[in-house]
Structures are given as C-alpha cells and as structure tokens.
Amino acid sequence: MGLTVNNLEVTIERRRGTAVRPVRGVSLRVEPGRTLALVGESGCGKSMSCLAIAGLLPRRARISAGSIEFEGADLATMPEAQAQKLRRRHVASVFQDATGGLNPVRSIGWQVAEAVRLREGATRAEADREAIRLLGRVGLPDPERRAREYPHQFSGGMNQRAMIALAVAGNPRVLIADEATTALDVTLQAQIIDLISDLRDSLGMAVLFVTHDLGLVAQSADDVAVMYAGRMAEIAPVARLFAAPRHPYTQGLLSALPGATGQSVRLTTIDGTVPPIDALPQGCAFAPRCGKASALCRDVDPTVHAGVACHHVLPAPVKTKRVFA
Amino acid sequence: MSYLEATDLARSYQVGRAGFLRKPRSFFAVDGVTLTLNKGETLGIVGESGCGKSTLARLLLGLIPADRGVLTLQGQQTLGVSETEWRALRRRMQLVYQDAAGALDPRMSVRTQVEEPLHIHGLPLDGAERALQAVGLFGAMADRYPHELSGGQLQRVVIARALALEPEILVLDEPVSALDVSIQAQIVNLLMDLQRDFGLSYVFVSHDLSVVRHISNRVAVMYLGRIVEDAPRDQLFADPKHPYTRVLIDAAPKPDPSTRRAIRLEVGDPPNPADPPAGCGFHPRCPLAVDHCRKEAPELRRVAERRVACHLVSEPFG
C-alpha cells in the first residue's frame, strides 16, 4: 500500500498575479514499515511537499500538478471533502512545535481520546482507555495521572510524546514527521526516534521523516530523498546514499559535515547560496554552485533517472526543444 | 599562566512569584564553574538546554553579574572593577551569538552597525572596513541592510562587529546552530581562519557535538549548571569517562548508517533546573548510579589533563 507521490507541484499565488513554485515535480514513495527521509536545506521545498501530502497547505498555496496516490485513489484530484476524510483517518502528522500543536485548555488525555474517537468512532470510555494506553506506549510515566494534566504542565519532550500518541491514535497508515525532533535535546531526540521506529515496526506505518539533519537520516531512515530548490536531486537507500552519493549536491552536503574531513582541517563547503524560488536559474538549479556544471546544465533542467537528477551521472539526454522558457 | 580564568563562578535566578512574606525560591543556573582558557585555544562547552552554558557565556563576558566567583584575564580581576577599567577589559572580549538577524538593527546599514562599537569606544572608524574584509564582506555588501542578506552573511556581519574592536577573546554562543549545513561549514572555516590570523581565543558554546569536536582544542561538558567533565578534545571523544558524557556522545546522531545505535537510550527526561535532584545531578538518569550518588554531589577532580565529577570514576580512571 503506502503512499506514492508523482510529479507533485505546488504553486503559491502572490499578490499582483505572480506565482512561485516551491515544489516542482517531486516524486517519491513511502512504503509500509519503512522510513523515507526527506532532506534538504531551508527553502528546498521539503516541508511544502509534506504539507501538500497532509492536505495542510497554507491558503495561497495549492497543488498545481501531479498526484498523491493512496489506497488506489488520488488525493490530489478527488473532491476535497473526500480527500480530507481519507487523510483524517489514515495520514497523521507530527510537527516541530509540539506545545503549539496541542490545545492549551484541554487535558492531554482528552486530546488523545478525541483523536481516537474521530479515527475509530469509539465510545467515550473506550477512547479514554485507549488514550491512556497510547500515552503509556509513547513512554509517558504514570499515564493515568498524566492524562489529566495540561500541556503547560508537560516538558517539551513530554508534549512531543503526547503529539506522537495523538498522531498514532487509530493506527494511521502514514505518519509524516516534519522536523519532529529538531527542537529537542539529543538524548530526548534519540528516544523519540526510537519510539517512532518502534511504532512503525509494530503498526506497519509508512513514515515520511523530514529533517535537515543528515546524522538523524543516517540513524533512522531506510531510504533517503534529497531535495534542492523544489526538485528531487537524488533518492536512494540510506547505506548507498552515504557510502556513494552520486549527485554533486549530495556529495557537497555530506562532505560539508564536520567529521567528514577529519578534525581541525578546513571543512569542504558548497560555494554560494540556495537560489530564491522567485529567481531560479534556467537549467539545473544547482548549476551555479556546481563544480561539474557544463553548458548543458545551465540550459536543461535534468530529470530523475535511476534515482538521480544530474546530467553528469548518466549519459546526457538528447537535447529537446524546451516547451517552457 | 593561564589567560582567562574563572574560579567558582555562580549565578542564580529566582523562580515563581514570591508571595508576600514568602521567601522567593531560587536556583543556580551556573553553580560553581571553574575553568581556564589558554591563549589561542578553543574551549568548547557542550550540554543540553538548561544546563547553564549560555548563562556561563554571559558570565564570562560580564553581561550579567555573578553571585560569587572570581574571573581574571591575564591575572587581572574583571568582576567588580571600575567603569573605566571595565570598558578597557570589555574591548578585549566580545560575544557572537546564534540569532544574527535578531542581533542586528534592521534600519541600519551593515557598515554603520560594524562601526557602532568603534563609536562607543571612541576609536577611529577604519577598523570597521578591516573587520568586514576579514569576514569576507567586500565593497557594496557593506552598504546593504540586514533584510538584503542571507543567514550566512548576517552571521558574518555579527562576527565582523565583534572583531571591529580587535578583541583577543570571542565568546561564541551557538554561532552556527541556525545555519544550513553548507553555510555552517563556511562559517566554521571562517572562524578557524580568523583564529589563526588574529591569534584569537574562543569559548565555543554549542549543543552540536560534531561542530564542537571539529573546532575545539578542549571540551567541557555541562550538566545542571556544573562542569561534569573537561578534557582535551581527542581524549574526551575517544574515551569519555563521565556517564553523562557517554550518553551525550552516544545520543548524537552520526552521519554514518553503519554505526547505528545498537543500544536503546533509557535515560529518562532531563531534570528541571529549578528543582535539581539531591546528590549528583545526573543520578536519576544514570545507569550506574549507586546509593552514594543519591546523597553526595561528586567534586570535579583533576587527573592529568582531565577533570571529572563522578563518584564511580576512580583514579587513575578505570
């Protein structure tokens, strides 16, 4: 089953009739019982892709092309109400700011029980029992007592666990974790990662794990998708990606990590900065920062072939007349 | 003689509302920290949120008053000195911190902001140009405003402003934490170049072990306001002695799928600094804790080049 995204494109309408496309033709597949990590630097479109999949795009943004196939249907084109119903039942999300995602005036237990009721149609008492079970499951000590407490009485790590309990209530098929551990300390982060992996294995969830932290990717993902300027640069199993990155951007990212070059020597850097989405260069968006860039790269935007979008990894494609300038 | 030396530095904060006739509760964010920084070296300070590392950074610069303790720069007292003496000292030590955008004034050009500390100290303004060039901001870049710059460029401006006074010590509080990997590498390289070219000494505060490991000569690990271990970089990472240092190094995600954590971390939640446990602060989360740890806080003991605060680490470290 899982979830398959094909050529997803997100467009944000701006004032004065202009539009930008933060996601430009992204394809990926999240499979049950596996974790796909979506990585990239700020503004690469990873969060926007997630929001599109979760049906949580901001008001001015919309899916302008592509499909999101789930259970044999396309969430991108089916009627909105039907898509949201499917998502509410089967697609759960956890975001970075757990405390902000919880309702401050309802107890933690009430909020988890509400999710259980909505997803499973359980009775009040059943839902309450299930909520306590879930809170215990995510490692909250003394869940019966804690369920009666409110978000302000919880630490950041406890709120993040409560959010995960809320997300996995009713056994969703897909869990989207967008920088879900970024604000946490490393010891807590490790525990939350372990927790998500456990739940993935026992519930058979497909996990889409969005992060900027390559260390976390190496520790928790089965497959990795690297995004750059709204496009997919490379997608590969985690061991392969770290052992033999093929896209120059992935290579640059990995060698820029402290520890990659040995201590006290200069770090390898990628010159320049990510282009703003309203001023993307023609051709490959990475070309201005790429040591391998040729005239072809500056002219034709490469598409993903065998997991990598780079003219210099596969034989160069035959140049065709561009449809869009 | 050591260069910057802190002895038993402490700083407390009050918590909660103090009721009428009720004594306000307070806790120590930094509780008796003794450390030295040698000239030209980088001292990394690591720990999780609430461990007191940022408070320590501000104490070292005199930005907040200390409750107790002594701080000397080349043997000269820096706490409780006269305003004129303080100004002269302050020139020699500068702060660089994480939120570059928040540290800059959106209505002032980059050049004006880098000149500002020179104005304050009544110095010729050409130092600003030198500082801007040192961080790689040339020509027209200096006439731009913060909103026209990227995150990496903003951090360069903040570093240039700190350098304008030609200080000897930079205290860097999470200077690269908000930056993307490729930009982070540029700033780390810049900091190492500046240190080499100007003979700067750094106190580098961060929660990111991989960056600290890259840039530091020595590393101090803080937990609940105290240093629990302090050692030369390679010793600390190759052979951590304190159980907390081990947990921290183990929990840090390594960018290598072949070294996935085999053991689960069952270390509970971090403590509330306002309500620290008795005895050793780490005992509720420590897998090795014994009765003694619950009663008595261990002292930071020195053996050779290393200091460790743990009852279970015996001499010579076994």
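The values are calculated or read from the model by the stated rules, or taken from the named source; none is laboratory data. Worth saying up front: this structure is predicted, and the values here are computed from it rather than measured. Backbone-built Cβ (ideal geometry, glycine too); neighbour counts: all protein chains shown. The area values use the complete protein model at the heavy-atom level, side chains included, leaving out ligands, DNA and RNA. Shrake-Rupley method; radii C 1.70, N 1.55, O 1.52, S 1.80 Å.
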Criterion: free of Cβ contacts under 8 Å to residues at least 12 places away in the same chain, more than 9 Å from chain B (Cβ to nearest Cβ), open to solvent by 20 Å² or more (accessible area, probe 1.4 Å) and under 23 Å from A:ALA54 (Cα atoms) - qualifying residue of A:ASP223, A:ASP198 | A:ASP198
Residue by residue through segment B:192-205, note down the ones that are touching a strand residue (DSSP E or B) at 6+ places or on another chain (Cβ under 7 Å) and either surrounded by 24 or more Cβ atoms within 10 Å (Cβ to Cβ) or more than 14 Å from every other protein chain (Cβ to nearest Cβ) (or both).
-> B:LEU200, B:SER201, B:TYR202, B:VAL203, B:PHE204, B:VAL205
Restrict the check to segment A:149-162 and report whether at least one residue is within 21 Å of A:SER47 (Cβ to Cβ) and modelled with pLDDT of 90 or more.
-> no
Could you tell me which numbered condition A:THR182 fails, if it satisfies all but one of (1) of a type in the set (Val, Ile, Thr); (2) facing chain B (nearest Cβ under 9 Å); (3) within 16 Å of the chain's Cα centre (by Cα)?
-> (2)
Please go through segment B:153-166 and pick out each residue that is over 17 Å from the mean Cα position of the chain (by Cα) and open to solvent by less than 10 Å² (accessible area, probe 1.4 Å).
-> B:VAL157, B:ALA160, B:ALA164, B:LEU165
Scan of segment B:217-256 for residues that are modelled with pLDDT of 95 or more and small (Gly, Ala, Ser), ordered by number | B:ALA220, B:ALA231
Restricting attention to strands (runs of 3 or more DSSP E) lying wholly within segment A:174-244, give those where 2 or more residues are acidic (Asp, Glu) and in the same structural domain as A:ARG87 (by TED's automatic domain parsing).
-> none
Among (1) open to solvent by less than 60 Å² (accessible area, probe 1.4 Å); (2) modelled with pLDDT of 95 or more, A:PRO32 falls short only on (1)
In segment B:35-50, what count of residues is obtained for those that are away from every other protein chain (no Cβ under 14 Å) and assigned to a loop (DSSP other than H, G, I, E, B)?
-> 2
Answer yes if at least one residue in segment B:125-139 is aliphatic (A, V, I, L, M), open to solvent by less than 10 Å² (accessible area, probe 1.4 Å), closer than 22 Å to A:ARG266 by Cβ and in contact (Cβ under 8 Å) with a residue 60 or more places away in the chain, and no otherwise.
-> no
Answer yes or no: is there a residue in segment A:16-23 that is more than 16 Å from the chain's Cα centre (by Cα) and open to solvent by less than 40 Å² (accessible area, probe 1.4 Å).
-> yes
